[in-house]
Amino acid sequence: ALAAGLVALGGGLMPRVALARQNDATDLIEAFTGGVAPASDGVRLDVPDTAENGSMVPLSFIIDSPMTREDHITDVLIVADGNPRGGVAAFQFTPDAGVVEVHTRIRLATSQNVVLVAKTSTGAFLTAAKAVTVTVGGCGG
């Protein structure tokens, strides 16, 4: 009876192997831009060259935009290509914001690239990227 019980529970006794999941940063950018190549002008992305603690990495950005009803930044996506999941942050803006400026903190698991992609109301995309060296990872690693 014990053997039959073990056979019946066999699925529960087998070790489960976690499947490694590839970072989806490239897929997120592709979905966000629809394949349109972003320009690299007018975006200032500030993250440190070296982050002592990956769980609290300061990030700031400013994007030059007229912020008029006809021409303004609508969305900003931040991704990191070395985190378990690429998506780090997303922001939405209206012309009423007046400026596109954000100061926040993000988590980085390891040394990697941080990429910002911004969408304009005219359908154009802007980008900036920076490599960050992380001394101590911040995603439980």
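The values are calculated or read from the model by the stated rules, or taken from the named source; none is laboratory data. This is a predicted model, so every value here is computed, not measured. Neighbour counts are summed over all protein chains in view; Cβ atoms, including those assigned to glycine, are modelled from backbone coordinates with ideal geometry.
When Thr74, Thr26 are checked against the criterion of being more than 13 Å from the chain's Cα centre (by Cα) and touching a residue at least 12 places away in the same chain (Cβ under 8 Å), a single residue qualifies: Thr74.
Residues to consider are Ser65, Ser60; find the one that is at pLDDT 95 or above, of a type in the set (Gly, Ala, Ser) and outside any strand (DSSP E or B). Step through it out loud before you land on a result.
Working: Ser60 fails: outside any strand (DSSP E or B).
The match here is Ser65.
To keep it simple, each residue is scored yes or no on (1) surrounded by 20 or more Cβ atoms within 10 Å (Cβ to Cβ); (2) among the charged types (D, E, K, R); (3) in contact with a His (Cβ under 6 Å, 6 or more places away or on another chain); (4) assigned to a strand (DSSP E or B).
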position: Gln22; (1), (2), (3), (4): no, no, no, no
position: Val36; (1), (2), (3), (4): no, no, no, no
position: Ala51; (1), (2), (3), (4): yes, no, no, yes
position: Asp71; (1), (2), (3), (4): no, yes, no, no
position: Pro84; (1), (2), (3), (4): no, no, no, no
position: Val102; (1), (2), (3), (4): no, no, no, yes
position: Thr110; (1), (2), (3), (4): no, no, no, no
position: Leu116; (1), (2), (3), (4): yes, no, no, yes
position: Thr127; (1), (2), (3), (4): no, no, no, yes
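Does region 58-69 contain any residue that is over 15 Å from Val43 (Cα atoms) and in contact with a helix residue (DSSP H, G or I) (Cβ under 9 Å, 6 or more places away or on another chain)? Within region 58-69, one or more residues are over 15 Å from Val43 (Cα atoms) and in contact with a helix residue (DSSP H, G or I) (Cβ under 9 Å, 6 or more places away or on another chain).
When Thr94 is tested against (1) farther than 24 Å from Thr133 by Cβ; (2) in contact (Cβ under 8 Å) with a residue 24 or more places away in the chain, only condition (2) is not met.
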